[in-house]
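Below: the structure, in structure tokens.
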Amino acid sequence: MSDGAIDLTTAGQAVRDEAYRGPIAALNPARSDLFQADAMWPYFERLRREDPVHFTPAGDFAAHWAITKYHDIMAIDTNHEVFSSQGGITLPISERREQEMTAQGGGMGQDSLFFQPDSGPSMFIAMDPPKHDVQRKTVSPAVSPSNLAIMEPLIRERCAQILDSLPIGEPFDWVDKVSMELTAMTLATLFDIPQVDRRRLTRWSDIVMAQPGHGVVDTWEQKRAEMFEYGTYFLNLWNQRVNAPPAGDLISMLAHGPETRGMNQFEYLGNVILLTIGGNDTTRNTISGSVYALNKFPDQYAKLRADPSLVTSMVSETIRWQTPLAHMKRVAKSDIEFGGKQIKAGDVVVMWYVSGNRDEEVIDRPDDYVIDRPRARQHLSFGFGIHRCVGNRLAELQLRVIWEEILKRFPDIQLLEEPKRTHSCFVKGYERMLVNIPTRH
Ligand code: HEM
């Protein structure tokens, strides 16, 4: 395999042996390389079986409690009184890694800059009530059912445009030509920016998460320069919208909302970043994930072709099976006994959604992709509680509409090789996925 991904059908046993070797106390699935190789599954399986509330030693990331079972994750996600989002929702990097990054000219990684309010932009996903609640309320109307109903024909038109421009009988990258295009077009609509700028949003979304040397940027300097350009673009937009009459786009909502118009520029940019990533990577990777999963489970693809009304449950099943955000982080505000372990105030707690969604005690045959599962929306991918994904219906809408349009046009989308996966244990996705569409209907 060209991209280094591990083929679990042939190398599966080796990966499994590795995960089960050694003492459980040393087990650490928080490794971007494991995720890029799609080799993290047996690590989580072992944790769910042997140590579901697992104290994980520091590695690339700081020491933390790994929560791996469905109901435990739900209990933490819905208990914001004890488990705080303040200060960031991704695993903080360890001191060792921080030093390595500083030595490479870094210090501006996803955790050190973007998810910690003291050192840069802050966002409501990383806040507790009451501030979280008022900021969330301000942007929610943009993705309300009535606004989504208005957006649906527009999204459908864009899907048609994208799909009708695809090459037939010729290999192409699905991530680039479809997943990125659709999510960028939708986001440009939500922000009300010119469509010609839509791919800049995709680029900026990648830049925020990028660590130099893994394909997106080469140096920290380049990352800083592009982040500056991103910030300037959106500060200009704020200045334009704040001086214009209130409108229905997200920037105008923030600039005129009584609770958000007084935000400082870091808070504003933090929310822009949140909406850029929230609306981009996650949905993009689900669109790619659907093509991947349907190719891995051809019987399910046949079922979908035979009954296109299964699209809605197929979308939810893809969101579970893919789990586009692998984890969310919390910090304990007080000492608490949880799952028989003593969690202390200040401890980092990580909810591994990717593992909870494969919890065999809650989901039947969890590793299988079953597009007509009863209660397909029963999954953890959108989280629970006060931070439950505000854009979840918009994500489902985009997925449903694109698949309705795909089924009208193409009898088959063939995966040509294993995709190149993202080097991250937070964003679980694909960078490149080569496919071929043999014919049109
Ligand atoms: C399949 C696609 C998506 C997935 C899997 C996803 C996942 C998530 C997750 C796991 C959370 C945090 C939940 C928690 O902490 O309990 C979240 C929050 C959020 N998402 Fe999404 N998301 C998706 C699509 C979107 C879209 C399209 C938008 C754009 C509008 C969006 C905007 C947000 C925002 C603003 C928050 C913060 C909510 C808060 O803190 O109250 N997401 N999302």
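The values are calculated or read from the model by the stated rules, or taken from the named source; none is laboratory data. Just so we're clear, the structure is a prediction, and the values are computed from it rather than from any experiment. Note that we place each Cβ from the backbone using ideal geometry, even for glycine, and neighbour counts take in every protein chain shown. Remember, those area values only see protein heavy atoms, side chains included, never the ligands or the DNA or RNA. Shrake-Rupley method; radii C 1.70, N 1.55, O 1.52, S 1.80 Å.
When you check R440 against the structure, is it part of a loop (DSSP other than H, G, I, E, B), among the basic types (K, R) and more than 16 Å from the ligand (Cβ to nearest atom), yes or no? When the stated conditions are applied, R440 passes them. Selection within region 178-215: residues that are more than 18 Å from V272 (Cβ to Cβ), of a type outside the set (A, V, I, L, M) and within 16 Å of the ligand (Cβ to nearest atom). The member of this set that is surrounded by the most Cβ atoms within 10 Å (Cβ to Cβ) is S179. Restricted to region 29-127, the set of helices (runs of 4 or more DSSP H) holding at least 2 residues that are touching a strand residue (DSSP E or B) at 6+ places or on another chain (Cβ under 7 Å) and either more than 16 Å from the ligand (Cβ to nearest atom) or at pLDDT below 95 (or both) comprises 41-50. Is it true that some residue in region 359-369 is within 14 Å of the ligand (Cβ to nearest atom) and out of contact with any Cys (no Cβ under 8 Å at 6 or more places or on another chain)? Within region 359-369, none of the residues are within 14 Å of the ligand (Cβ to nearest atom) and out of contact with any Cys (no Cβ under 8 Å at 6 or more places or on another chain). Among the candidates L254, L310, L250, L237, the residue that is farther than 29 Å from V370 by Cα, in contact (Cβ under 8 Å) with a residue 12 or more places away in the chain and away from the ligand (no atom under 14 Å from the Cβ) is uniquely L237. Applying a threshold of 6 Å to beta carbon distances and a minimum spacing of six or more residues, or different chains, the list of pairs starting in region 428-441 at a residue that is more than 15 Å from S179 (Cβ to Cβ) and ending at one that is in a strand (DSSP E or B) reads N436/Q414. The residues of region 167-210 that are within 24 Å of E418 (Cα to Cα), assigned to a helix (DSSP H, G or I) and at pLDDT 90 or above, listed by number, are W174, V175, D176, K177, V178, S179, M180, E181, L182, T183, R203.
What residue, of R409, R388, R432, is at pLDDT 95 or above and within 16 Å of the ligand (Cβ to nearest atom)? Give the derivation first.
Details: R409 fails: within 16 Å of the ligand (Cβ to nearest atom); R432 fails: within 16 Å of the ligand (Cβ to nearest atom).
Criteria check complete, one pass: R388.
Rundown of residues vs (1) on the phi > 0 side of the Ramachandran plot; (2) more than 9 Å from the ligand (Cβ to nearest atom); (3) out of contact with any helix residue (DSSP H, G or I) (no Cβ under 9 Å at 6 or more places or on another chain), yes/no style:
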| position | (1), (2), (3) |
| --- | --- |
| V291 | no, yes, no |
| Y301 | no, yes, no |
| R305 | no, yes, no |
| W321 | no, yes, no |
| G339 | yes, yes, no |
| K344 | no, yes, yes |
| G356 | no, yes, no |
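When region 162-177 is limited to residues that are touching a Pro at 6+ places or on another chain (Cβ under 9 Å) and open to solvent by 10 Å² or more (accessible area, probe 1.4 Å), the one that is nearest to the ligand (Cβ to nearest atom) turns out to be K177.
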